[in-house]
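Visitor: Starting off with a structure, shown below.
The values are calculated or read from the model by the stated rules, or taken from the named source; none is laboratory data. Note that the coordinates shown come from a computational prediction; the quantities given were computed from them, not determined experimentally. Here the Cβ positions follow ideal geometry from the backbone for every residue, glycine too, while neighbour counts run over all protein chains shown. Each accessible area value is taken on the protein alone, full model and side chains, heavy atoms only, with ligands, DNA and RNA left out. Shrake-Rupley method; radii C 1.70, N 1.55, O 1.52, S 1.80 Å.
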Amino acid sequence: MPDPLVARLKTMIVETLKLPDVRAEDIPEDEPLFGNTRLGLDSLDALELVLRLEKEFGIKIGNSEESRRALASVSTLAAFIRARQPAAS
Amino acid sequence: MTANADAAAAGVEALDCLTPFGDAAATAAALLAGRRALAPHPVLGPDGGDPVPLALIGGAMDEPVTPRWLAPARELARRIPAGDWGSAREPVVVTSSNFGVGAMHAFTRDRDARHLAHGTPFAAAARLGRELGWGEHVHVLSHACVTAHLGLALAGRLLHRGFANRVLVFSFDFVSPFVAAGFHSLKILNAAMPAPFAARDSGSIGLGDGAAFAVLAAAPAPLRLEAAALHNEMHHFTSNRPDGAGFTACAVAMAAAARGRRVWIKGHGTGTLEAGRLEAEAWRQAFPDAPLVSWKGSLGHTLGSCGLVELAVAAAALRAGRIPGTVGGEAPSFTANVALGPLAAAGFDAAVLSANAFGGAHASFILAHD
Amino acid sequence: MTERFIHEVRVERPPAAEDAAAARARLAERFPRAALRRMTHLGMLVGAAADGIALGPDDAIVYATSYGETRALEDYLASFPAASPLLFQTSIHPSAVQQVLIGRQQPVARLWPLAGRARLVEQALLAAVLEPAPRVWLTGGEERGTWLLERGVASDRAFAFGLLLAADGDGAAGRLAARPASGPDEPGPTLASFADALAARAPLAWTGGGARWSVEWR
């Protein structure tokens, strides 16, 4: 059964980063999100996404190293959010 | 890939800076005593926000209609030798990363249009010029954290190609919520105090207010700027080539220019991890015996003015006979060449002073002295 | 006398109503897709003016703009209190030329970003002729502002230009020269009028900073 948090995160990625040619459902869950040549996202995209995540889920990411670990993939991001915001779905 | 170094030397006729510790001599003394100018301040200033390390002249990051950098700039400028500054033969080069951009944010807060009168780089430089009585020949340079180095290099070229008799390089960068919030959003201006070149789990920078000036002339002087090297990676806005080639480009050029001299290195060392590691390694490889220091763990990163502020501090340290170590640094460092404690100046012939910036810009020069 | 020869001239003067979205549609084929989505109007215009100009690691660039990334500045300010990292980064001088070169992954030896106004063109030409690099790309421009323009703190025109300068005169389209000259400073071209003169291949001459500056065309 599709994970609603994962689906929501994928939609947020497309919306926040303004990816015109990418469909949310095509974003892989377990592949690297950044430095991935298929998606073409980089560390600035990651930070922009962090800004949206902090607002949306009320979480806080303290530094760039924590950001890099949390956003390694959509799956790790979902796990990161759930660990800090158990009500997130 | 190696940067080509401008070989012509420029004599330093006068040089000083202003930091939260005071002038260059007071700043060098404070660094030698291991003091930190950085302290926690709310990132949005009067609007609060997360605490981040800032080193502020005057202690508060507000943005009144009269910009808070104007009075310190005036105070510093009293020490500039008399000259026809801003004339064709004695031009001014103003360098800053932010100029008056904090005023733009101040306008959005209180809607006082007077802030906008000095919000752009040229308007801030013009305001400064009117305040200090400069003529029209004021070059305005802005390239983030290598700006002061660029200003000094441009001044050297103006002198050696006969376009000027003397050049005043004036540099200033004062922190504002505009700037602090930006670096905080990049997740590099965090709660922790910076520890330049420290092999930690996470990095953080501090930001600081700074202003400085140098008067350069073509004639030799006891203090000289030599062999400026510049390079631009153009790899990414906020990260460097992972192989360190950008750092190596200037380091190798400096090593060639400094051959035969015993040098110490004043690095960039803001407290970020990846860039700090690449920088330390590049200097270690190019100068295996040279100690590497950074003062941003105390003064914070004074952004576009850092190259000239730290040059003034270096000169003051040489006069005092002792060079401050990496204040705020901690063991273990990325590489063995990082000097945490002070150094005796007598052991060296020259210094390499270096800065790096967004976009993978790198700038270095040799500070030679009699 | 100091001189450099002009080998390439490019000028972008889009329709007055063009904004970044329209420029993105117009210029989509000229930039890597991954870079294009984040490019500003000024970045795209500067990039279009450099289209087809191959730059190398020994080349130098002189970049001149008085207002820089006006729209990124406006939008960054609007993002407070949750400041946008992307807009902050994009607003920092000299973003436009970095957008182009980072998109190309093209290192260059030296970049001289000038941000003055009154004698900006003259100072940019001076920085260019002082450059020992075999080739210098002299570029600049502005983008149109919105609320900052209403407040008189932005350009009312979007434009960009680029000149490839070299010491070699063979096949050159024109020449830039600076001869020592006494006499009072005369007003030089503004950045916008300089772009217009380049587009028209119109000659320019003025005295400034102890030199007689001239741009002549063959």
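Visitor: Taking the residues in the range C:7-41 that are more than 14 Å from every other protein chain (Cβ to nearest Cβ) and in a helix (DSSP H, G or I) as candidates, determine which candidate is most open to solvent (accessible area, probe 1.4 Å). Break it down stepwise before answering.
Guide: The initial filter retains those residues of the range C:7-41 that are more than 14 Å from every other protein chain (Cβ to nearest Cβ), namely C:7-19, C:22-23, C:26-27, C:29-30, C:41.
So of that shortlist, the ones also in a helix (DSSP H, G or I) come out as C:22-23, C:26-27, C:29-30, C:41.
Numbers: C:ALA22: 44, C:ALA23: 0, C:ARG26: 105, C:LEU27: 1, C:GLU29: 169, C:ARG30: 97, C:HIS41: 12 Å².
Among those that are more than 14 Å from every other protein chain (Cβ to nearest Cβ) and in a helix (DSSP H, G or I), it is C:GLU29.
Visitor: Here is a follow-up. Picking from C:VAL100, C:VAL129, which residue would you name as being under 27 Å from B:GLY360 (Cα atoms) and either touching a strand residue (DSSP E or B) at 6+ places or on another chain (Cβ under 8 Å) or open to solvent by 20 Å² or more (accessible area, probe 1.4 Å) (or both)? Show your work before the answer.
Guide: Working: C:VAL100 fails: either touching a strand residue (DSSP E or B) at 6+ places or on another chain (Cβ under 8 Å) or open to solvent by 20 Å² or more (accessible area, probe 1.4 Å) (or both).
That would be C:VAL129, the only listed residue that is under 27 Å from B:GLY360 (Cα atoms) and either touching a strand residue (DSSP E or B) at 6+ places or on another chain (Cβ under 8 Å) or open to solvent by 20 Å² or more (accessible area, probe 1.4 Å) (or both).
Visitor: Give the residue, chosen from B:ALA71, B:ALA25, that is in a helix (DSSP H, G or I), over 14 Å from B:VAL175 (Cβ atoms), without any contact (Cβ under 8 Å) to a residue 24 or more places away in the chain and more than 11 Å from chain C (Cβ to nearest Cβ).
Guide: Being in a helix (DSSP H, G or I), over 14 Å from B:VAL175 (Cβ atoms), without any contact (Cβ under 8 Å) to a residue 24 or more places away in the chain and more than 11 Å from chain C (Cβ to nearest Cβ) holds for just one of B:ALA71, B:ALA25, which is B:ALA71.
Visitor: Which members of the range B:129-164 meet the condition of being surrounded by 24 or more Cβ atoms within 10 Å (Cβ to Cβ), part of a helix (DSSP H, G or I) and either touching a helix residue (DSSP H, G or I) at 6+ places or on another chain (Cβ under 6 Å) or on the phi > 0 side of the Ramachandran plot (or both)?
Guide: Result: B:THR147, B:ALA148, B:HIS149.
Visitor: Hey, can you tell me all the residues within the range B:292-333 that are crowded, with 24+ Cβ neighbours inside 10 Å and either in a strand (DSSP E or B) or among the hydroxyl-bearing types (Ser, Thr, Tyr) (or both)?
Guide: Hits for the range B:292-333 are B:LEU292, B:VAL293, B:SER294, B:SER298, B:HIS301, B:THR302, B:SER305, B:ILE323, B:THR326.
Visitor: Something else about it: Pick from A:GLU65, A:GLU31: which is open to solvent by less than 60 Å² (accessible area, probe 1.4 Å), modelled with pLDDT under 90 and of a type in the set (Asp, Glu)?
Guide: So the residue among A:GLU65, A:GLU31 that is open to solvent by less than 60 Å² (accessible area, probe 1.4 Å), modelled with pLDDT under 90 and of a type in the set (Asp, Glu) is A:GLU65.
A quick yes/no check of all residues on (1) over 21 Å from the mean Cα position of the chain (by Cα); (2) surrounded by fewer than 24 Cβ atoms within 10 Å (Cβ to Cβ); (3) at pLDDT 95 or above; (4) assigned to a loop (DSSP other than H, G, I, E, B):
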site: B:PRO194; (1), (2), (3), (4): no, no, yes, yes
site: B:ALA211; (1), (2), (3), (4): no, no, yes, no
site: B:ALA228; (1), (2), (3), (4): no, no, no, no
site: B:HIS236; (1), (2), (3), (4): yes, yes, no, yes
site: B:ARG259; (1), (2), (3), (4): yes, yes, no, yes
site: B:THR270; (1), (2), (3), (4): no, no, yes, yes
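Visitor: Working only within the range B:179-219, note down all residues that are away from chain C (no Cβ under 14 Å) and among the charged types (D, E, K, R).
Guide: Once the filter is applied, which keeps residues that are away from chain C (no Cβ under 14 Å) and among the charged types (D, E, K, R), the range B:179-219 yields B:ARG200, B:ASP201, B:ASP209.
Visitor: Just to be sure I understand the filter: pairs with C-beta atoms under 7 Å, separated by 6 or more residues or on different chains, first member in the range B:153-168 and over 18 Å from C:ARG179 (Cβ atoms), second member at pLDDT below 95 and assigned to a loop (DSSP other than H, G, I, E, B). Which pairs pass?
Guide: B:GLY156/B:ALA8; B:LEU159/B:ALA218; B:HIS160/B:ALA8; B:HIS160/B:ALA218
Visitor: Out of everything in the range C:111-122 that is at pLDDT 95 or above and open to solvent by 10 Å² or more (accessible area, probe 1.4 Å), what residue ends up being farthest from the other protein chains (Cβ to nearest Cβ)?
Guide: C:GLU122
Visitor: Moving on. Are any of the residues in the range B:334-352 in contact with a helix residue (DSSP H, G or I) (Cβ under 6 Å, 6 or more places away or on another chain), within 14 Å of chain C (Cβ to nearest Cβ) and open to solvent by less than 10 Å² (accessible area, probe 1.4 Å)?
Guide: no
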